Amino acid sequence: MKIKNLLTVFIIFLVALSANAQYRTIDAYSFFSGYSFFKTDFGARNDWNTNINNTGVELGGKIFVNLFPYHWQWRGMYHIKTNFILTYAHGRVEHIGRWTDNKYSPTAVKLKNMFATPTVIGGGMGFEYSLQDLTFFNFTRLYGIYRFNVTTGVDLMAFYYMPNIKSNLGDITDVNVQPNILHSRFVGKVYPKSGITFGATFKVTFYYQLTESYHIYLENRTTWFLSDKVDGLDVNDAPDKFTDWLYTPAIGITYIVW
């Protein structure tokens, strides 16, 4: 089955789950956006300039279910909420750091002309553990002092990625041209095709309740991709032996359905 067909089936599956959740137990909608930092095989590993300049944006939406699980007898479940989530991330990554300091060297010229603008679409299910009892935090009309809350959790997701990797010096997909336009480390290590991978987003969220129906929040999202080809490179040597990551401090709003 082709990748696009797999993605279509997966999205339909998520929509069906969400619709079922909405019919039975849906309690809230949430939307967020944030400024993202990509950590990939582009740039020098653990270099400050690389970490703060390979950036992008992430947008997402959530459908929460079982926000107030009254029917559970175990009190600990009043601290847990689940959601279905869809995300979209887009950014630009390039080679930055000590290997590009000498702007006119052959190595620096090749590196500085190479870049990627990856797009990543993800979907899955998230889990959050609330430090407060959710029955107190969400019913501020009865418990007005409980306006702040902190949760920690994880989103288990599937991702469809498009690397969009290029070089201004020539066709990066032509293996015969690569030795002339790429640093030797990247010759034969370029993967421009789109693909599907899996991963997880680890998150810590700070909530503040504005009214009975609206929450705003700051969410620190760290996404780990199972694949190292999201940026179009998979070098797998000592400096770049890790898979790709995405960190997004996001601002969001949640609407509670009463």
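Throughout, read-outs are computed from the coordinates displayed, never taken from laboratory work. All values derive from a computational prediction rather than experimental measurement. Cβ: placed from backbone, ideal geometry, glycine included. Neighbour counts: every protein chain shown.
Tabulated results
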| quantity | calculated |
| --- | --- |
| Ranked list, fewest to most other Cβ atoms within 10 Å of each Cβ, for Arg221, Arg185 | Arg185, Arg221 |
| Neighbour-count order for Asp133, Asp237, fewest beta carbons within 10 angstrom listed first | Asp237, Asp133 |
| Near-label residues of segment 193-210 by backbone N, under 16 Å of a point 7 Å along Cα→Cβ of Asn164 | 193-195 |
| Sequence-distant residues sharing a close amide H with Ala28 (under 5 Å, placed H) | Phe64, Val257 |
| Integer Hz, Karplus 6.51/-1.76/1.60 couplings in order for segment 47-57, x for Gly and Pro | 8, 4, 4, 4, 5, 9, 10, 8, 10, x, 9 |
| Under 15 Å from Lys166, Cα to Cα: aspartates and glutamates that are on another chain or at least 8 residues apart | Asp41, Glu94, Asp174, Asp231, Asp234 |
| Net charge of neighbours whose Cβ lies under 12 Å from the Cβ of Phe202, counting Lys and Arg as +1 and Asp and Glu as -1 | -1 |
| Potential lengthening between Val187 and Ser33 on full extension [0.36 nm per residue; Cα-Cα distance subtracted] | 51.9 nm |
| For Val150, distant residues with modelled amide H under 5 Å away | Leu131, Gln132, Tyr207 |
| Per-residue ³J(HN,Hα) for segment 155-170, Karplus 6.51 cos²θ - 1.76 cosθ + 1.60, θ = phi - 60°, Hz, x for Gly and Pro | 10, 9, 9, 10, 10, 10, 10, 10, x, 6, 8, 8, 9, 6, 8, x |
